[in-house]
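Report on the structure given below.
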Ligand SMILES: [Zn+2]
């Protein structure tokens, strides 16, 4: 069994140990400060050094049955019996610690808003952490929990205490969540200077020495997930501060583009959306008028017994408008410079889909549609219209 140094307070990131077993590119030590993946928290990474060699620790995992903690290594692998020194990457560890502490504190805040909001599962393996809660918290509940926690962290100095307690003494502690751990149980308690606890959890993870070091804790969104659970997506600590600062920078840049203060950005975007809706309605009406005018003014060509009208259009959006207005007895073909093409027919004996497919077998491209209207994409827009006339003449 590996002796765990990652629970030491103050946190220990540098340590010395001896290699007790090697299995391929992973090594077991008699003691380690590398936290092994578990309880929703990612495993630590870092470096192992020894006389004449070093390796990067890329992952740390616990063999729960044996209590062994394995270090996945890249680089050299030390031999059994080698004294090594280890260095845990401090940045990732601190972020994992802030996430994990934020998780306990936010879960407690939800429980205080409504005890029905019990935690079913957690994940803290990426900056966007999750708490899966029972009890279907509403948006108002989420804001209440967030502000309860913000006030608590801002006004009360909650200190970390991690006693190891015998299972039969657990009833003396107000555990937020019952534990499946038996025998000796490690508790993570955030309490005020008078010993009044804010949160008590059974947990083997790493936590900040004072709760305010996990702030800010910010809920980004909630999602309803299966099992009647609500997934609360949150960020904690430096990651949350960096994220919020990035969001603010983006919002400010956008606000400057629209010449409004950040606080009026939403109002400005709403107004722009309304302008856009009106403009696109106007544009659509104008296209209809233009399509009608084109149909009324472009001369028709008599091909066999058919009256054919050909249109080279600049605006692809005009294509459908034009085809939909085809007059009885006429065949209309249109193409844009990018190859969008279509045929509509007001002639009962002429199938637009069949005609378009015949033309496209000669010009390349694909398309199809109904007997009255078909659209597609041609590989040769410059010859498409003449090819329609040619195919029609051959009928
Ligand atoms: Zn925990």
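Quick one: work out the % antiparallel among DSSP beta bridges in segment 291-393, nearest 5. Present the calculation step by step, with values, prior to reporting the outcome.
Working: 18 of 24 bridges.
The answer is about 75 percent antiparallel.
In terms of overall dimensions, segment 4-132 has a Cα radius of gyration and Dmax of 16.7, 58 angstrom.
Expressed as an acute angle from 0 to 90° and rounded to the nearest 10, what is the orientation of the C-alpha long axis of helix 90-113 relative to the principal long axis of the chain? Once rounded, the angle reads 90 degrees.
Looking at the chain, I'd like the Rg to Rh ratio, where Rg is from alpha-carbon atoms and Rh is Kirkwood's inverse mean 1/r. Let's see the in-between values first.
Values: Rg = 34.5 Å, Rh = 27.2 Å.
Answer for the chain: 1.27.
Axis angle, to the nearest 10 degrees, between helix 237-257 and the longest C-alpha principal axis of the chain: 30 degrees. Estimated at 0.36 nm per residue, the fully extended path between residue 170 and residue 225 surpasses their Cα-Cα distance by 16.6 nm.
Every read-out reported here was derived from the displayed coordinates using simple, explicitly stated rules and does not represent laboratory data. Computed from a prediction, not measured in an experiment: that's the story for all the values here.
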